[in-house]
Amino acid sequence: MNEKALDFYKEMAETSCSQSSVKLAKNSDFTDIDSKFIMQYTNKNSEILDLGSGTGLIINKIYNNVKSILAVEPFKQFSDFIVNSPNVEIINSNFFEWNTDKMFDIITLFGVVHYLEENEVKIIYEKFKKNLRLGGKLIIKSQFGLEEDVTISGFSEELQKDYFAQYRYIENEQRLLERIGYKIESVNDIYPTECNRWENTHFFSIVAVV
């Protein structure tokens, strides 16, 4: 995972960890919307792989409505906030290094891919494609560039920390997924207008199918 982003969250996990700490901007917890969106694609038999689970703000809202969730989160300090349930398994690992032969109906990447550079996210999209059942869905939510890639790297006055993010052009992200072998089912303007703070980036959720 991008070393700058990983260092950023490592410091947060070790110094100021709370369930809401992964939501960096004030009033930025939109996980009620996220969870309702995911549940459009789930049922009681759904088996989900969630990559970059953070503090479980989404998992804790949906676990009762699915068969199982496998949560992969690098930092135990964050995953300690995930619900303790027989149908939720937690793996503390960097998902570039972690592998599984298990098959899933849905793989979710919410608030993760903008911390990865394009070559890194390509590895993840390719790596876990084999873990989706036929007809399975990869559901991604992130900020994306509206007209071009937008890369932020340096000291953030708002966060008072060094920060890295790459908000790739939304159409390029779709083409990347298609080259790997996914079919784009939908691109969704997931949040109300007021949730999008910047003119050059926008929150979208991409649903891709194998």
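The values are calculated or read from the model by the stated rules, or taken from the named source; none is laboratory data. Remember, it's a predicted structure, so these values are computed and weren't measured experimentally. Methodologically, a virtual Cβ is constructed for each residue, glycine included, from the backbone with ideal geometry; neighbour enumeration extends over all protein chains shown. Side chains are part of the model used for accessible areas, which takes the heavy atoms of the whole protein and leaves out ligands, DNA and RNA. Shrake-Rupley method; radii C 1.70, N 1.55, O 1.52, S 1.80 Å.
Just a few scattered comments:
- Among residues of the stretch 46-62 that are at negative phi and of a type in the set (D, E), those with a Cβ under 9 angstrom from a residue that is open to solvent by 20 Å² or more (accessible area, probe 1.4 Å) and part of a loop (DSSP other than H, G, I, E, B), sequence gap 6+ or separate chain, pair up as E47/K67; E47/K102; E47/M103; D50/I58.
- Residue match in the stretch 30-45 (condition: more than 21 Å from V209 (Cβ to Cβ), open to solvent by less than 30 Å² (accessible area, probe 1.4 Å) and modelled with pLDDT under 95): yes
- Number of the exception - R168 against (1) open to solvent by less than 20 Å² (accessible area, probe 1.4 Å); (2) modelled with pLDDT under 95; (3) among the basic types (K, R): (2)
- E185 being open to solvent by 20 Å² or more (accessible area, probe 1.4 Å) and either modelled with pLDDT under 95 or not in a strand (DSSP E or B) (or both): no
- Near pairs, Cβ below 7 angstrom, 6+ apart or cross-chain, from the stretch 170-199 (without any contact (Cβ under 8 Å) to a residue 40 or more places away in the chain and within 20 Å of V121 (Cβ to Cβ)) to any residue that is polar (S, T, N, Q) and surrounded by 13 or more Cβ atoms within 10 Å (Cβ to Cβ): I184/Q174; V187/Q174
- For the criterion of being farther than 17 Å from E47 by Cα, under 16 Å from the mean Cα position of the chain (by Cα) and open to solvent by 20 Å² or more (accessible area, probe 1.4 Å), E117 passes.
- Scan of the stretch 76-110 for residues that are open to solvent by 30 Å² or more (accessible area, probe 1.4 Å), in contact (Cβ under 8 Å) with a residue 40 or more places away in the chain and within 22 Å of K141 (Cβ to Cβ), ordered by number: F81, F96, D105
- Members of the stretch 63-75 found to be among the hydrophobic types (A, V, I, L, M, F, W, C) and open to solvent by 20 Å² or more (accessible area, probe 1.4 Å), listed by number: F75
- Some residue of the stretch 125-138 being over 17 Å from E47 (Cβ atoms) and of a type in the set (A, V, I, L, M, F, W, C): no
- Every condition in (1) at pLDDT 95 or above; (2) open to solvent by 40 Å² or more (accessible area, probe 1.4 Å); (3) outside any loop (DSSP other than H, G, I, E, B) holds for K10 except the one numbered (1).
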